[in-house]
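Below: the structure, in structure tokens.
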Amino acid sequence: MLLGSVALRATPAWAQTRPRVVLLAITEEDPLAARLTAELEALGLDVSRAQIDPTVPIEDLVRVALAGGARGVVVADGRRTEFWVAEEGSDRIAMRQELETENTPGMESVLSLRTVEFLRVSLGLTGHTVTPPREGPRVTPRPEPEKRVGVGLVSGIVASTGRLAPFAAVGGGVRVRIVGPAGIELRGLVPIVTQRFDGPDGPVDTSVSLVGGGLAFMPRLRGLFSFDAGAGALATIVRVAGRTTPNGQTDSNVGVSLYGRAAGCIRLSPSWSLRLDVLGGTTAPRRPVLVATDGTVTPWGVVFVAAVAGIEASF
């Protein structure tokens, strides 16, 4: 009958290393017992609730609980508490303490705090507090919205195998993901200043602009580094100013170039990246040629390369 009167709850595996305390009360609804349970568990103790059997002496219930492995037993009885502490590693009673207070509002909390403090000191927990692990709610990270459009501004150097020296250029580009990693792109480069070279009839100021687009390969990479590539066609616009034409001082011509490019990106934030693009192409489909009064002026070569870097916004 004694064993039946001290029915202990199952203890989780992680709590087996914590001191176990049995809390005895007349009823399950006893407010003092409920407060003691909360404060003992907050202290890091493994608390088991049991109901007092009026027909069994308290001392017998205490011995059964200590023999079952409990380190301490607390009795909550209205306006008084009583607790026993066993010697560590045995069921022998090392000490017994009784606390009582007036039956007035607010004294219930004082009694529970004093009981817990005395028990904490008696169990040797003054130097540390054991906090049971708590499993918080599992939060599923929200997937980052897929970026389908990239708009960038770049600057760099453009060079060709023709008579025109490498020149500085600025430009921009737009990339749009269509399906999977496949997309389309538009891009352009214009020179910062015109360049001068010696033509058949004197100095010639010239400039070359590249405008066009094609297909883009944009894999979904969510780390710090990413890459993309593209290929397509560019309108190669060559404009000269000087005494090179039979009917005027300026002339221009438009050719068609094929290009391929590769780019690497460093992510600064979810929406901003630094990028480096390297382009290479050929004017073989249609090379822009300017004809002078006494010969052919060809400032732009058959093969060209460009290296540009800048910043890109994605959304």
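The values are calculated or read from the model by the stated rules, or taken from the named source; none is laboratory data. The structure displayed is predicted, hence computed values, not measured ones. Note that we place each Cβ from the backbone using ideal geometry, even for glycine, and neighbour counts take in every protein chain shown.
Against the numbered list (1) part of a helix (DSSP H, G or I); (2) modelled with pLDDT of 85 or more; (3) in contact with a helix residue (DSSP H, G or I) (Cβ under 6 Å, 6 or more places away or on another chain), GLU59 comes up short only at (3). If you go through the stretch 173-200 and keep only what is touching a residue at least 12 places away in the same chain (Cβ under 8 Å) and among the aliphatic types (A, V, I, L, M), you end up with VAL174, VAL176, ALA182, ILE184, LEU186, LEU189, VAL190, ILE192, VAL193.
Restricting attention to the stretch 23-46, and to residues there that are within 39 Å of the chain's Cα centre (by Cα) and either within 21 Å of VAL110 (Cβ to Cβ) or not assigned by TED's automatic domain parsing to the domain that holds SER112 (or both), which single residue is surrounded by the most Cβ atoms within 10 Å (Cβ to Cβ)? Full working, then the answer.
Step one: list which residues in the stretch 23-46 are within 39 Å of the chain's Cα centre (by Cα), which gives 38-46.
If we keep only those that are either within 21 Å of VAL110 (Cβ to Cβ) or not assigned by TED's automatic domain parsing to the domain that holds SER112 (or both) too, we end up with 38-43, 45.
Numbers: ALA38: 13, GLU39: 19, LEU40: 22, GLU41: 15, ALA42: 12, LEU43: 21, LEU45: 26.
Among those that are within 39 Å of the chain's Cα centre (by Cα) and either within 21 Å of VAL110 (Cβ to Cβ) or not assigned by TED's automatic domain parsing to the domain that holds SER112 (or both), it is LEU45.
When THR206, THR236, THR194, THR245 are screened for being surrounded by 14 or more Cβ atoms within 10 Å (Cβ to Cβ) and modelled with pLDDT under 85, only THR245 passes.
Applying the condition of being under 15 Å from ILE237 (Cβ atoms) and surrounded by 17 or more Cβ atoms within 10 Å (Cβ to Cβ) to the stretch 263-290 and asking which residue is farthest from the chain's Cα centre (by Cα) yields LEU290. Annotation note: of ALA76, ALA70, ALA65, the sole residue that is part of a loop (DSSP other than H, G, I, E, B) and surrounded by 21 or more Cβ atoms within 10 Å (Cβ to Cβ) is ALA70.
The set of residues in the stretch 157-189 that are exposed (fewer than 15 other Cβ atoms within 10 Å of the Cβ) and either part of a strand (DSSP E or B) or in contact with a helix residue (DSSP H, G or I) (Cβ under 7 Å, 6 or more places away or on another chain) (or both) comprises ILE157, ALA168, VAL176, ILE178, VAL179, ALA182.
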